[in-house]
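Reviewing the structure listed below.
The values are calculated or read from the model by the stated rules, or taken from the named source; none is laboratory data. Source: prediction; values computed, not measured. With ideal geometry, Cβ positions are generated from the backbone for all residues, glycine too; neighbour counts draw on all protein chains shown. Surface accessibility is based on the protein's heavy atoms, side chains included, excluding ligands, DNA and RNA. Shrake-Rupley method; radii C 1.70, N 1.55, O 1.52, S 1.80 Å.
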Amino acid sequence: MSLIARLLFSIFLLAPFATAQGDEPDDSQADGNKLVKLALVSDHSQIQPGATFTLAVRCRVERRWHVYWGENAGEAGIPIGADITGPPGYEIGKLRFPWPKREELDGDIVMYTHEGEVSMLVDIKVPADAKVGSQAKFDVAAHWYACTNVCFTGAGKTSLTLPVAAEAKPDHADEFKAWLAKLPRPWTEMTRTIATWSGDAKAPKLNLIVPGAKELEFFPYLSKTTKLSSRKVDVGKQGCTLSAEFEFETQKDGDAPVALGVLWVKTDQGESAYVLDMPFKKS
């Protein structure tokens, strides 16, 4: 579904609920640009030539509102996103998004959302010839689609200037530890999963068994060929099973089904998530 189609669909879907009732706030007059408070935060207060540091695009979402996962908004909404620019020679990596939560509206409309706060991280490599004593300014332009009983697009800009020094100086350690813990890990760290494919290439089904898991969820990345059509989670005494059914449509020669997304796992030890990239293999 295109961004314009999602926007029109969301407005149509949520329009009947736009009227405030009783003592509830009149959300219909909200300013979309003010529903998210934007900040740019660095894990170093001073940066070093040749080193790598991390910036966080911190978005604090107004209470009762939500925004949409940057990788895939689902069947309603528009993904949150940000563009970061810096001085010439600085290598700016790919924006990394924390895992979202799954919401389902009437009519089996599935959305992937964030509430409260969402921080997107990006690694930046300082050029080896960066001059000690100089200043490096970074700008961010973010955009979002905030919803409660009504929805509004919004955007914001901010910047951060960091000094280049002979030695790096870490900062905001606790915040970055918490933000990093919300990012999906490489699948190689997920050692206890049993994965099996069934069905055929047009309608493949992936079964994931995670011993010791209390809850599971799968958040699909957007794909031109492979779409998640349904998922079912079964909880047992020894762990959880997630069955994901897909629809596959070839776009060009060589295309093959692939389960691509994030598997979220909850155990007695806490929550974690892993990037799943599993091509279809017929049994």
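Size descriptor for the stretch 130-213, Kirkwood hydrodynamic radius: 18.9 Å (Cα pairs only, one decimal). Extending 7 Å from the Cα toward the beta-carbon at both THR196 and LYS125 defines two label points whose distance is 4.4 nm. Rolling a 1.4 Å probe across all protein chains gives ASP43 an accessible area of roughly 30 Å².
Normalised by the number of residues in the chain, the mean separation of alpha-carbon contacts (under 8 Å, six or more apart) gives a relative contact order of 18 percent.
Taking the square root of 5 times each eigenvalue of the Cα gyration tensor, what semi-axes in Å does the equivalent ellipsoid of the stretch 35-160 have, largest first?
On the way: eigenvalues 217, 35, 22 Å².
Its equivalent ellipsoid spans semi-axes of 33, 13, 10 Å.
Along the stretch 71-80 the Karplus relation, 6.51 cos²θ - 1.76 cosθ + 1.60 evaluated at θ = phi - 60°, assigns HN-Hα couplings of 8, 5, 6, x, 8, 8, x, 9, x, 6 Hz to successive residues, with x for each Gly and Pro. For CYS240, nonlocal amide neighbours, meaning residues 5 or more places apart or on other chains whose placed amide H falls under 5 Å from its own, are VAL210, GLY212, ALA213.
Please give the peptides 50-56, 235-241 ranked by average Cβ packing (other Cβ atoms within 10 Å per residue), highest first, as a rough proxy for protection. Display every interim value, and only then the final one.
On the way: 50-56: 18.1, 235-241: 13.4.
Most protected by this proxy first, the peptides run 50-56, 235-241.
Using only side-chain charges placed at the Cβ, +1 for Lys and Arg and -1 for Asp and Glu, the dipole size of the stretch 33-179 relative to its Cα centre rounds to 440 debye.
When the charge dipole of the chain is built from unit charges on Cβ atoms (+1 for Lys and Arg, -1 for Asp and Glu) and taken about the Cα centre, the candidate among GLY116, THR54, PRO25 whose Cα reaches farthest toward its positive end is THR54. If you plug the beta carbon distance of GLN238 and THR153 into 1/(1 + (r/R0)^6) with R0 = 45 Å, you get a FRET efficiency near 0.50. Rank LEU35, VAL67, TYR274 by how far each Cα sits towards the positive end of the charge dipole of the chain (+1 on Lys, Arg Cβ; -1 on Asp, Glu Cβ) and give me just the farthest. Going by the charge dipole, the pick is TYR274.
Taking a quarter of the surface of the Cα convex hull of the chain gives a mean projected area of 18.3 nm².
Rounded to the nearest 20, the size of the Cβ-charge dipole of the chain about its Cα centre is 600 debye, with Lys and Arg at +1 and Asp and Glu at -1.
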